[in-house]
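**Student:** Could you have a look at this structure, given as structure tokens, before my questions?
Every number in this text was worked out from the coordinates using simple rules, so none of it is lab data. Values in this document were obtained by computation on a predicted structure and should not be read as measured data. No Cβ is skipped: glycine too gets one built from the backbone with ideal geometry, and neighbour counts run over all protein chains shown.
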Amino acid sequence: MTLAIDPISTSSASLRGAPSDIPKLTPQNSDRLALGLLVIQPSPFCNINCDYCYLPNRTDTRRMDFEVLETIMDKVWDSGLVQSPFSLLWHAGEPLAVPISWYEKAFEIINRNPQAKDYVIHSVQTNGTLLTDKWCDFLKEHEVEVGLSVDGPQAIHDHHRKTRKGEGTFDKTMRGLETLKRNEVPFGVITVISDVSIDHPDEIYDFYRENGITGIGFNIEEVEGANETSSLGKEGGHERVYSFLKRFYERNKADGFPLNVREFQNAERNILEPGWCSDPSGNYYNQEADPFGMVNVDCFGNFSSFSPELLGQPTEKYGSFNFGNLISGSLFDATVNEAFQKVLTDIEAGNRKCAETCEFYDYCGGASPSNKYYENGSFDSTETHQCISTVQMPMQIVLEDMESDLELHDRISPILEQAHPAEDGRSL
Ligand code: SF4
């Protein structure tokens with residue numbers, strides 16, 4: 001997933017029960033649910049054309065009507081799902097391809113509800129090519145959290161991140177990055193690690209340091225949506241991914257950890273602060289697998305839940321991942337949608353299998369449903385390349401580091417062995 005917001009937190013207590021223990025979700029038994037992330041697509045359009053992008057309809061320039069936005073927000077407030085502050089992420093196309101004037105009106109509509117100032121945390125995931133000083137003024141004024149997509153030095157970035165004419169976007173992205181810095185707008189970056197970057201952790205590390213980038217999330221190129229193959233190959237290139245992550249961690253450690261890397265920070269937190277992401281029953285809370293934990297709405301009011309990457313994707317197995325339309329209905333109409341119930345049942349079945357078979361379940365909660373679907377063909381499945389590279393490997397690297405620092409080898413080795421037993425007895 002390519003979001004600025006960390007989606008890794010996610011799993012409900014009910015998942016550990018037998019299938020028959022789980023009551024069918026209805027509006028009446030939904031009081032345990034809470035919204036954590038609302039993704040709104042102001043337009044499907046993107047001004048560039050990265051070759052690994054999962055979004056369909058990226059040439060569609062239509063834009064959300066204000067009446068649609070007003071209705072979406074009314075339905076969200078009325079749903080009872082807002083129980084604590086949630087992230088509102090403008091995404092799913094290039095959000096800055098829609099003019100500032102549109103957002104001025106959109107924010108005014110959202111802020112009409114007095115709860116907005118306490119509950120809505122705005123964020124945006126952008127390719128940075130359209131950033132200007134005026135945009136920075138707007139982002140600062142509304143305290144919008146910014147995620148910038150940049151893949152590293154020019155030769156690496158330009159390999160996949162191109163315009164429709166096939167030209168690299170590095171110069172424009174870096175101009176955007178400098179604009180953010182000049183205007184003192186805080187930002188983090190998302191970097192897709194693909195075949196051209198996987199063997200170059202040093203170059204990427206140096207690039208971040210030289211450009212004042214301190215907050216990073218890695219997306220190891222995924223098979224998802226419109227991106228039907230990964231340049232890392234069907235097998236996921238696990239050894240290369242592990243070497244990349246390990247080397248990056250070592251460089252960061254040698255410099256005193258100046259960079260905050262999402263995957264390592266999550267691993268560290270899971271180890272040092274057990275329960276930091278637990279639900280009231282003490283089980284790891286997986287927002288991405290929880291119905292309505294994430295709600296994703298396109299510019300026409302169609303919505304999905306679970307992984308944002310599912311929005312608007314057609315499938316043979318489940319039909320459409322659009323579970324309803326907020327103009328004509330409510331969020332809870334999804335509970336009478338056959339596809340929604342089928343997806344939910346399969347996600348929960350997959351997570352129970354994860355709970356039964358994987359040592360990482362208590363720190364993962366079953367990870368990303370969309371990756372399970374696109375890699376394994378069903379939500380009712382377990383391990384994916386995505387969970388290996390973003391959950392298991394970072395955890396393993398951090399544990400190994402703690403082991404050597406604290407000389408805890410005897411205590412930690414069994415966990416590592418269970419996670420990745422190697423034929424010759426070494427862990428991966
Ligand atoms: S198999 Fe993957 S998704 Fe399932 S619990 Fe383990 S790490 Fe998480």
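**Student:** Could you work out the mean projected area of the convex hull around the alpha carbons of segment 273-330, in square nanometres to one decimal? Kindly include the intermediate steps, with their values, before the conclusion.
**Tutor:** Numbers: hull surface 21.7 nm².
Averaged projected area of segment 273-330's Cα convex hull equals 5.4 nm².
**Student:** Here is a further query. In straight Cα distance, which lysines are under 18 Å from K372, not counting same-chain residues fewer than 8 positions off?
**Tutor:** Within reach: K234, K317, K342, K353.
**Student:** Taking every pair of alpha-carbon atoms in segment 73-180, give the share separated by more than 16 Å as a whole percent. Show your work: numbers first, answer last.
**Tutor:** Values: 3622 of 5778 pairs.
That tail contains 63 percent of the Cα-Cα pairs.
**Student:** Which lysines does K75 reach when only Cα atoms under 18 Å apart count, and residues fewer than 8 places away in its own chain are ignored?
**Tutor:** K117
**Student:** Let me ask something else. Hey, could you get me the Stokes-Einstein D for segment 13-272, Kirkwood radius over alpha-carbon pairs, 20 °C and 1.002 mPa s, rounded to whole µm² s⁻¹? Provide the component values of the computation, followed by the final result.
**Tutor:** Values: Rh = 20.4 Å.
Translational D for this selection: 105 µm²/s.
**Student:** All other residues with a Cβ under 11 Å from the Cβ of F170 taken together, and with Lys, Arg as +1 and Asp, Glu as -1, what is their net charge? Could you put the intermediate results ahead of the total?
**Tutor:** Numbers: positive: R161, K162, K172, R175; negative: D151, D158, E167, D171.
Net charge around F170: 0.
**Student:** Excluding residues fewer than 8 places away in the same chain, name every one of the lysines whose C-alpha is closer than 18 Å to that of K181.
**Tutor:** Result set, ordered by chain and number: K134, K140, K172.
**Student:** Between beta-carbons, use under 13 Å as the cut-off and find the net charge around P42, counting Lys and Arg +1, Asp and Glu -1.
**Tutor:** Numbers: positive: R62, R63, K105; negative: D60, D65, E94, E104, D298.
With Lys, Arg at +1 and Asp, Glu at -1, the net is -2.
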